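Participant: Take this structure, written in structure tokens, and hold onto it; I'll ask about it next.
The values are calculated or read from the model by the stated rules, or taken from the named source; none is laboratory data. In this text, all values refer to a predicted model and were calculated from it rather than measured experimentally. Cβ atoms come from the backbone with ideal geometry, glycine included; neighbour counts cover every protein chain shown.
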Amino acid sequence: MTADHITLQLDQLAFAWPDRVVLQRCTTALKAGITWLRGPNGVGKSTLLQLLAGALRPLQGTARLLRPGQPALDLHADNPLAWRHAVFWCGPGAVAYDHLSPLDFWSFLHGLYPDWQPLAVVRHAEAFGLGPHLDRPLARLSTGTQRKVWLVAALAAGTPVRLLDEPLNALDDEATAYLQDQLAQAQEERSALWLVASHEAPLPADSAPAQEWRLAP
Ligand SMILES: Nc1ncnc2c1ncn2[C@@H]1O[C@H](COP(=O)(O)OP(=O)(O)OP(=O)(O)O)[C@@H](O)[C@H]1O
């Protein structure tokens, strides 16, 4: 699969919270590899990722996922589960299901995502130094450690679309370098489409540049 083979087409996507319009007529075609979603605080980056995750309903507009040899998928169409299977979203807050251990959490996600990669979980968990934390409830882990647990899931999800919201927040230097290297690899391989909202560059300075999408107020 190459860059031309996955497209996320947004057409006139709009959203308003009760007291303010946040996104107006977002129209773009995102391609496989890394897209760095940029913009000032409060412009609506997290809101957009939540919309694309299916966690919020757009006011108007559509998002459509196109892949070769597979039927097009529409956000909020008759089969929301198919969209959920195709899109992994890693939000900024605490990990949900925080009574679970990392191992239980990944095992739960394994049941949700049809192309989940269990061997990748082992590899990324080791690289992030999660060994001592694997059996402890997520609620008792530090913010950065919880973040690593989510990121392992994002890297192993096997979905064609991955949405990362501020993935570098709370990571130590070593984990930051590891994640940036993994994203640089994803940018080279272009086997999935990654939309990464971040105030910091998601790729190392010496890698092929990410596509950029800057949201304007
Ligand atoms: N649950 C909510 N209810 C009401 N308004 C919200 C909610 N979440 C976000 N907003 C508002 O929507 C706007 C966009 O917020 P959002 O978090 O999407 O911006 P952002 O670009 O991700 O910002 P940042 O760079 O600070 O993370 C802000 O004005 C925010 O106050």
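Participant: Filter segment 144-199 down to the residues that are within 27 Å of T7 (Cα to Cα) and hydroxyl-bearing (S, T, Y) and list them by number.
Facilitator: T159, Y178, S191, S198
Participant: Confirm whether A82 is of a type in the set (G, A, S) and assigned to a strand (DSSP E or B).
Facilitator: Answer is no for this residue.
Participant: Only residues in segment 33-46 that are farther than 24 Å from P160 by Cβ count as the first member; pair them with residues that are near the ligand (Cβ under 9 Å from one of its atoms), Cβ under 6 angstrom, at least 6 apart or cross-chain, and list the lot.
Facilitator: Correct list of pairs: G39/K45; G39/L215; V43/L215.
Participant: Out of (1) farther than 24 Å from N41 by Cβ; (2) in contact (Cβ under 8 Å) with a residue 40 or more places away in the chain; (3) not acidic (D, E), what's the single condition that is false for Q211?
Facilitator: Unmet for Q211, out of (1) farther than 24 Å from N41 by Cβ; (2) in contact (Cβ under 8 Å) with a residue 40 or more places away in the chain; (3) not acidic (D, E): (1).
One line per residue, one yes/no per condition, for (1) under 30 Å from C26 (Cβ atoms); (2) buried (at least 17 other Cβ atoms within 10 Å of the Cβ); (3) basic (K, R):
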| site | (1), (2), (3) |
| --- | --- |
| H124 | no, yes, no |
| S142 | no, no, no |
| L155 | yes, yes, no |
| A197 | yes, yes, no |
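Participant: On to the next question. Quick check on this structure: which one of A16, A53, A77, A72 is touching a Leu at 6+ places or on another chain (Cβ under 7 Å) and away from the ligand (no atom under 16 Å from the Cβ)?
Facilitator: Step by step, each of A16, A53, A77, A72 is checked, and only A72 is touching a Leu at 6+ places or on another chain (Cβ under 7 Å) and away from the ligand (no atom under 16 Å from the Cβ).
Participant: Next up: So which of K31, K45 ends up being modelled with pLDDT of 95 or more, within 23 Å of Q187 (Cα to Cα) and within 12 Å of the ligand (Cβ to nearest atom)?
Facilitator: K45
Participant: Shifting gears a bit: Taking segment 125-184 as the search range and keeping residues that are assigned to a loop (DSSP other than H, G, I, E, B) and under 16 Å from D104 (Cβ atoms), which one is farthest from the ligand (Cβ to nearest atom)?
Facilitator: D135
Here's the yes/no breakdown for (1) within 20 Å of the chain's Cα centre (by Cα); (2) of a type outside the set (D, E, K, R); (3) at pLDDT 95 or above:
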site	(1), (2), (3)
H76	yes, yes, no
F108	yes, yes, no
H124	yes, yes, yes
P132	no, yes, yes
R136	no, no, yes
V152	yes, yes, yes
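Participant: Considering only residues that are within 22 Å of G129 (Cβ to Cβ) and in contact with a Pro (Cβ under 7 Å, 6 or more places away or on another chain), which ones fall in segment 176-195?
Facilitator: Scanning segment 176-195 gives L179, Q180, D181, L183, A184.
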